[in-house]
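In what follows, a single structure is set out as structure tokens and then discussed.
Rule-based calculations on the coordinates, nothing more; no lab input. Nothing here was measured: the structure is a model prediction, and the numbers come from that model. With ideal geometry, Cβ positions are generated from the backbone for all residues, glycine too; neighbour counts draw on all protein chains shown.
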Amino acid sequence: LDLGERGDVRIADPAEAGADGERLAFRRHLREAIETGAILLQYQPQFRANGEVVGFEALARWRDPVRGVISPATFIPAAEEGGLIAALGAHVLRSACREAAGWKKPLRIAVNLSPLEFESDELPGLVEAVLGETGLDPERLELEITEGVMVTDAVRAMATLSRLRALGVRIALDDFGTGYSSLSYLHRFPLTTLKIDRSFVATLGVTLEAAAITRAVIQLGHALGIEVVAEGVETPEQFDFLICEGCDLAQGYLLGRPLDASAYAHLTGG
Ligand code: C2E
Ligand code: CA
Ligand code: CA
Ligand code: CA
């Protein structure tokens with residue numbers, strides 16, 4: 001018998017011990033990857049309707065010599081469970097800001113925050129320190145959060161968002177429409193950007209509902225003075241629809257895949 005995480009009694013079985021062992025090995029491996037710089041960033045451009053590039057979203061990649069490229073969908077949750085998200089998040093924020101500070105054009109850089117990072121007391125101090133170190137203009141940094149963080153503890157979330165906005169950084173609500181989606185959060189919290197989730201964009205032209213929801217979200221964002229970004233734009237038809245409806249920015253494989261920064265030197269000015 002052993003005590004499970006929640007204090008419940010479980011019967012220890014060898015298969016489970018194996019899974020735990022694997023998890024520990026993965027965690028050790030991830031810690032090494034953060035320390036040795038094997039966690040890299042790729043950058044995906046965001047464009048206005050007129051084709052002007054506005055900025056990039058930084059997306060983490062783990063390039064392992066043996067396993068190849070490991071998806072953030074795998075190692076971000078593992079980092080959260082293994083208590084490594086603070087180290088990983090600080091590494092990502094610092095790398096992204098340093099990269100953007102080196103661009104000739106003053107483009108924006110968007111960085112994803114996991115809910116655990118957002119809920120940490122250290123976050124505003126970390127952001128302030130990284131802005132200081134890199135010299136990046138705060139208005140060029142956009143932090144992407146998800147709806148869940150505003151639901152868990154609204155009072156605390158409001159305090160954190162206010163501190164971040166006071167530093168001058170932008171706040172984007174990511175994956176809009178997939179979470180709790182209480183519309184009341186939109187006007188209560190100091191958001192600058194709303195990102196329409198890829199699942200809505202993907203079904204534009206497939207279901208009438210997706211078009212109606214997308215149109216409504218764009219109008220809602222604009223009514224509240226919030227910039228609207230569509231993510232996951234893959235076809236010219238999706239792009240045309242979004243532009244026609246007044247969506248401010250678009251991001252997706254049609255316009256540019258996430259790539260190493262060097263691949264976008266023509267857009268950043270080098
Ligand atoms: P996300 O923030 O929603 O990022 C967008 C995801 O959609 C990225 O997947 C991107 O590569 C992918 N994508 C972009 N355009 C298209 C498109 O046109 N079609 C399709 N099908 N997909 C597209 P990726 O890079 O695998 O990242 C997955 C998720 O992992 C991200 O979703 C984000 O939640 C998380 N993530 C990535 N990097 C970081 C990071 O540095 N920190 C944290 N906390 N989370 C991260
Ligand atoms: Ca994102
Ligand atoms: Ca997203
Ligand atoms: Ca997502």
Value at 222 nm in deg cm²/dmol, rounded to 500, when DSSP H runs of n ≥ 4 in the chain each add -39,500 (n - 2.57): -14000 deg cm²/dmol
For labels at Ala263 and Ala202 in the simple 7 Å Cα→Cβ model, what's the distance in nm? 2.0 nm
Region 124-219: chymotrypsin sites (Phe, Trp or Tyr not before Pro) in DSSP coil with no more than 12 other Cβ atoms inside 10 Å: Tyr180
May I ask for the longest run of the chain untouched by trypsin sites (Lys or Arg not before Pro) that are loop-located per DSSP and have at most 14 neighbouring C-beta atoms (other than their own) within 10 Å? 105-270
If Val53, Val229, Val66 are placed from fewest to most neighbouring beta carbons inside 10 Å, the sequence is Val66, Val53, Val229
Rough spin-label spacing in nm, given labels placed 7 Å along Cα→Cβ, for Arg27 and Leu126: 1.8 nm
Need one number: nm distance between label points at Ala19 and Leu183, each 7 Å from Cα along Cα→Cβ, rounded to one decimal. 4.2 nm
Treating only the Cβ atoms of Lys and Arg (+1) and Asp and Glu (-1) as charged, compute the dipole magnitude of region 188-270 about its Cα centre; round to the nearest 20 debye. 200 debye
For Arg94 and Thr235, calculate 0.36 nm times their separation in residues minus their Cα-Cα distance, and state this gained length in nm to one decimal. 47.4 nm
Computed from the beta carbon distance with a Förster radius of 25 Å, FRET efficiency for Arg48 and Glu209 to the nearest 0.05 stands at 0.40
Net charge, Gln44 excluded, C-beta distance under 14 Å - Lys, Arg +1, Asp, Glu -1: -3
How many Å³ per residue does the convex hull of the Cα positions in the chain occupy? 159 Å³
